[in-house]
Amino acid sequence: MSQTLPALGQIAVLVVALAVAVPFLGRLLAHVYTSERHWRVESAAYRVLRLDPDADQHWRVYALSVLAFSMVGVFAVYAIARLQPHLPASIGMASFPADGAWNTAVSFVTNTNWQWYSGESAAGNLLQASGLAVQNFVSAAVGLCVAAALARGLARQRAGGRVGNFWADLTRTCVRVLLPGAFVAALVLVALGVVQNLAGARTITTLDGGSQSLPGGPIASQEAIKQLGTNGGGPYNANSAHPFENPTPLSDLFAVFLMLVLPFAMAWAFGLIVRDRRQGGVVIAVMTALLGTSIGLLTWAEMAGHGTAPQLAGAAMEGKEVRFGEAASALFAAATTGTSTGAVNATHDSLTAAGGGLAMFNMMLGEIAPGGTGSGLYGMLMLAVVTVFIAGLMVGRTPEYLGKKIGQREMMLVAGYVLATPVLVLAGIAVAITAKDGLAGLQESGPHGLSEALYAVTSASNNNGSAFGGLTSGTPFWNTLLGLLMLFGRFLPIVLVLALAGRFAAARTLPAGPGTLPTHRPLFAVLLGGVALVLVGLTYVPVLSLGPIAEALS
Amino acid sequence: MSDLLYVLVTLLSFGSLALLAGLIDRRLADPDSDHDADVPGSAADARPADAAVPATSNGGRR
């Protein structure tokens, strides 16, 4: 049977599901970040932790709160990973090496979830549930909080650089959005056949008399927040290709839905927070156009599948689960790299050169289509500021965004944001391919070898977490390099975003005049999408041409 | 020994980011700012109207 119809059918189901869920969740998120009332359970938490949730924080205090909270998270996960054999519920797992524990701690705190280890043979239940799963919630919440702070900054005026209260935002995001959302999603996943128990490995006798170890655990509950929070780190090494984690095409499509729903909903919430739904609509339109293009191109690349074996098989099926096929694998790959999820249901190393290059390009785009929870929105808004600035220069209009004047200081922050991740990626790949220890981790040589290393540093710097495969990354060199890229790739942009939020919050909101570029019209959406593509193209095409493009042309 | 190394790397990384936040704040508060009436700490920001805005409010944007 032709694969085209199922491919289009799954996309149609996904679009309908998102169209129903995004407005609902968008309204919920907008309410969460603008409501002045605290729930009882939240008030109790504030009392216990001696926090004042009504203290409106200056952006610098907000940023320091984010940094302090995240640093404590790194130390907590690091300690659990190192002390694992001495702690309860470790189910016999050994201690992580120091470099591996640090990489894992940074990885989960930064919402990257890069995994150098095999979950089923290295992480016990305590580490999974108390360390990694907790970070799955709070790291996703941090992204949403930062996006909410930026939206507030744009909505307020003359607020003295105050952008909200991080502790209140964090608590509300977890209590009102992520915990109930993940609970419902986990129930659905259990109903769809995902494993959920507290057992360790179970040994069974196979039909031919052999013995096999089946790893169990709280899989559905972790899978729910793994996808909903655009985390991506799974309890199994095969991630979403494992039948216990992702058993059917329906659970696969549900996983894609979970990845996309909060990033799109946050863009909807943005329109409500700034009290101009059209602004959120433009952001959603650009996100949708970029994601749709990516899905289309990736599906085409995998279905066309150059080479003798792919053409005999009818598609590039190497490294793909036959339960899902190439269309669902391409959809998953586009969604996981368009968001900051990084979960995989196929081996990205086995994608066609064009497909692998597209997955990399999605991440290089800054994961804005639709991006991670919160990070997608603030990434897109930073590009919107660049767009109004460039458009202003082109047509002589005053650079303003939502009534906020875009001056030298604003552009300094935005330029820092736009440059931060590419600098990390390009410096990272330079270090990786010039160091002996870096080259030692590569399985392949030539363009594909470069792609393996480039994918890893791109994934880490953009906090995606998916791996190309082929790279042996569990070494002190790679664990430390990728850890540093993840840490600065997450928090350097966040500091700049919060600084801009504070800057906007302190400024007056100017009324729109005849010289104001309308930012709610289709022309602006086209400009915004164009700026995103051109900025990335100019930055990364040289290195892409040495890796996946050279491989595709050879 | 390696534990101490990674603890130091973590402290230095987050410390440098905190330092950067402080530097940016000072830079933005510079009186040479292009619209210094709007920068944090300036007299214009001491206006009481927005000082009472709740932490989670979007500022009653009109």
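The values are calculated or read from the model by the stated rules, or taken from the named source; none is laboratory data. Please read all numbers here as calculations on a predicted model, not as lab measurements. In this analysis, Cβ positions are derived from the backbone assuming ideal geometry, glycine residues included, and neighbour counts consider all displayed protein chains. In case anyone asks, the SASA skips ligands and DNA or RNA and just uses the protein heavy atoms, side chains included. Shrake-Rupley method; radii C 1.70, N 1.55, O 1.52, S 1.80 Å.
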**Complete:** Amide H contacts under 5 Å for A:Glu400, restricted to residues at least 5 apart in sequence or on another chain and with H modeled in the peptide plane, are A:Ile406, A:Leu517
**Complete:** Ranking A:Thr539, A:Thr293, A:Thr516, A:Thr373 from most to least accessible area with a 1.4 Å probe gives A:Thr293, A:Thr539, A:Thr516, A:Thr373
**Fill in**
Simple spin-label estimate for B:Arg26/A:Val20, 7 Å along Cα→Cβ, in nm, reads 5.6
**Request:** Using a Förster distance of 41 angstrom, determine the FRET efficiency expected from the C-beta separation of A:Ala79 and A:Met394, and round it to 0.05.
**Result:** 0.15
**Approximate spin-label separation A:Ala427-A:Leu250, in nm, with each point projected 7 Å along Cα-to-Cβ** = 5.0
**Complete:** Here the FRET efficiency for A:Ser95 versus A:Val72, based on Cβ atoms and R0 = 25 Å and rounded to 0.05, is 0.75
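Rounded to the nearest 500 deg cm²/dmol, what is the calculated helix-only ellipticity per residue at 222 nm for the protein assembly as shown, with -39500 (n - 2.57) per DSSP H run of length n ≥ 4?
Helix-only estimate at 222 nm: -20500 deg cm²/dmol.
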**Complete:** Extension length gain for A:Ala304 and A:Ala435 (0.36 nm per residue less Cα distance), in nm, is 43.5 nm
**Item:** Hits among aspartates and glutamates - C-alpha to C-alpha of A:Lys226 under 14 Å, sequence gap 8 or more where chains match
**Value:** A:Glu245, A:Asp252
**Fill in**
In segment B:1-28, the residues losing 40 Å² or more of accessible area (1.4 Å probe, heavy atoms of protein chains only) relative to their chain alone are B:Asp3, B:Tyr6, B:Thr10, B:Ser13, B:Phe14, B:Leu17, B:Ala21, B:Ile24, B:Asp25, B:Arg27, B:Leu28
**Prompt:** Ignoring ligands, DNA and RNA, how do A:Asp52, A:Asp208, A:Asp349 rank by accessible area with a 1.4 Å probe, largest first?
**Reply:** A:Asp208, A:Asp52, A:Asp349
**Request:** Could you provide, to the nearest whole Å², the per residue accessible area of chain A with probe 1.4 Å?
**Result:** 35
**Prompt:** For the pair A:Leu510 and A:Ala415, what calculated FRET efficiency results from E = 1/(1 + (r/R0)^6), where r is the Cβ-Cβ distance and R0 = 25 Å, to the nearest 0.05?
**Reply:** 0.65
**Request:** Kindly identify segment A:1-134 as rounded, prolate or oblate by the Cα gyration tensor criterion: order the square roots of the eigenvalues as a ≥ b ≥ c, call it rounded if a/c is under 1.5, otherwise compare a/b with b/c, prolate if a/b is larger, else oblate.
**Result:** oblate
**Prompt:** How large is ³J(HN,Hα), in whole Hz, for each residue of segment A:108-116 in order, when computed from phi with the Karplus curve 6.51 cos²θ - 1.76 cosθ + 1.60 and θ = phi - 60°, using x for Gly and Pro?
**Reply:** 7, 5, 8, 6, 8, 6, 5, 10, 7
**Message:** Just to be sure I understand the model, the point goes 7 Å from the Cα along the line to the Cβ. What's the resulting A:His86 to A:Leu198 distance in nm?
**Reply:** 2.4
**Request:** Count neighbours as other Cβ atoms within 10 Å of each site's Cβ, and list the trypsin sites (Lys or Arg not before Pro) in segment A:4-71 that are DSSP loop with at most 11 such neighbours.
**Result:** A:Arg37, A:Arg50
**Message:** Given an 8 Å cut-off on Cα distances and at least 6 residues of separation, report the relative contact order of chain A as a percent.
**Reply:** 20
**Prompt:** Which percent of the accessible area of chain A is formed by carbon and sulfur heavy atoms (probe 1.4 angstrom)?
**Reply:** 67
**Asked** Given H placed 1.01 Å from N in the peptide plane, which residues other than close sequence neighbours of A:Gly164 have an amide H under 5 Å from its amide H?
**Response** A:Gln57
**Item:** Loss of accessible area when B meets A, both sides summed, Å² nearest 100, probe 1.4 Å
**Value:** 4500
